[in-house]
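Chemist: Have a look at this one.
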Amino acid sequence: MANNRRMSGKKGAQVGSGGQRRRGLEGKGPTPPAEARKGHAKQRAAAAKVRRAQGRPQQRKGGGRSTSELVVGRNPVYEALRDGVPATMLYVQQFIDNDERVREALQLAAERGNIHLMEAPRPELDRMTNGLNHQGLVLQVPPYEYAHPEDLPAAAYDQGEDPLIVALDGVTDPRNLGAVVRSVSAFGGHGVVVPERRSAGMSAGAWKSSAGAAARTPVARATNLTRTLEQYKKAGITVVGLAADGEAEVGDLAALSGPVVVVVGSEGKGLSRLVGETCDHRVRIPMPGGAESLNAGVAAGVVLYEASRRRS
């Protein structure tokens, strides 16, 4: 025994693996279902359902809030009230000329029942609007409560549906954002994702363009759009980017019948490089008429219609 220890260069008994190598070769068993995998969208949806059943409020990370906004001028104020733009306060100049547009705006505000009327001297309104031509009417729009990007697929799965989401990359016109929200609502989508920077937000103009759809279609704000798309992919959602030089036509893409997020770029520049590289598929909309591009609202509507047709 002494000779053996000298030859091995070690003192005492040899230490074995204790069966660890054998256990490592045995594997971890079958892959658990999506509802049991931590971090999966279906697991989050199942957890949300349990919380609601237990009567506890759902805990959300939240997508942040925009800043409050002022709508200035008689026609803009009247149109905002007519189109259902949320508002908390209507400022009316003291001794204002009570024309038809002013009377209509006051009547709409009174019918809402939750808009406070405040009479203010002209210098105060000038100060509030930084000297803009307010014409004696100023409407205060409250901050918009953005959803978190994870809320959108979780809500879809909670309804027993595959997510249908639109993400906007570099779309800066609020009217285009409002048009996309309107299309998402019309074709049974589950929400819109916009980047936190260099993107249109849910302003009064976006609310007006949505024609009331913004009240029932959530808009989520992503700190980093590329990272959000990668998280969607990990959750089993296919990311489809619209591009003029896409490899396939939108009508040939079978993925639209399943969980999908459609990424729409700006009319001039299209998808940014990183976002384009993140997409699973890049598809084009055939345009026999020869148009070079479509604005974001029209392009999103075409793809959403195709997705809705496949799902019906």
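Chemist: So what's the Cα pair-distance distribution over region 61-171, bin width 5 Å, in %?
Modeler: The calculated distribution, bin by bin, is 2, 11, 18, 17, 13, 9, 9, 9, 6, 4, 1, 0.
Chemist: Ranked from the most accessible area to the least, with a 1.4 Å probe and all protein chains present, what is the order of His116, His190, His281? Intermediate results must be reported in sequence, preceding the final value.
Modeler: Values: His116 120, His190 20, His281 75 Å².
My answer, sorted largest first, is His116, His281, His190.
Chemist: Over region 177-266, with the other protein chains present, what is the accessible area per residue in square angstrom, probe 1.4 angstrom?
Modeler: Numbers: 3390 Å² over 90 residues.
Per residue, region 177-266 has an accessible area of 38 Å².
Chemist: Taking the full set of protein chains and a 1.4 angstrom probe, give the accessible area of Thr226 in square angstrom, rounded to the nearest 10.
Modeler: 30
Chemist: At a threshold of 8 angstrom on Cα-Cα distance, excluding pairs fewer than six apart, so keeping six or more, what relative contact order does region 225-312 reach in percent?
Modeler: Working: 119 pairs, mean separation 33.2, N = 88.
Result for region 225-312 is 38 percent.
Chemist: Points 7 angstrom from Cα along the Cβ direction at Phe95 and Ala120: gap in nanometres?
Modeler: Computed distance between label sites Phe95 and Ala120 equals 1.9 nm.
Chemist: Roughly how many whole Å is it from the C-alpha centroid of region 153-216 to that of region 235-312?
Modeler: Rounded to whole Å, the Cα centres lie 15 Å apart.
Chemist: When all protein chains stay in place, what accessible area (Å², nearest 10, 1.4 Å probe) is found for Asp99?
Modeler: Result for Asp99: roughly 60 Å² accessible.
Chemist: So how exposed is Ile165, as accessible area in Å² (1.4 Å probe, rounded to 10)?
Modeler: Ile165 has an accessible surface of roughly 0 Å² with all protein chains in place.
Chemist: Go ahead and run the numbers for FRET between Ala244 and Ala211, Cβ-Cβ distance against an R0 of 30 Å, rounding to 0.05. Provide the component values of the computation, followed by the final result.
Modeler: Numbers: r = 28 Å, r/R0 = 0.94.
The calculated FRET efficiency here is 0.60.
Chemist: While we're on this one: What translational diffusion coefficient, in µm²/s and rounded to a whole number, does the Stokes-Einstein relation yield for region 128-263 at 10 °C and a viscosity of 1.306 mPa s, taking the hydrodynamic radius as the Kirkwood radius over Cα pairs? All intermediate terms of the calculation are to be shown ahead of the outcome.
Modeler: Details: Rh = 16.0 Å.
It diffuses with D of about 100 µm²/s by this estimate.
The values are calculated or read from the model by the stated rules, or taken from the named source; none is laboratory data. All of these numbers come straight from a predicted model, not from anything done at the bench. Positions of Cβ are generated from backbone atoms using ideal geometry, with glycine treated the same way; all protein chains shown enter the neighbour counts. Keep in mind that these areas ignore ligands, DNA and RNA; they rest on the heavy atoms of the full protein, side chains included. Shrake-Rupley method; radii C 1.70, N 1.55, O 1.52, S 1.80 Å.
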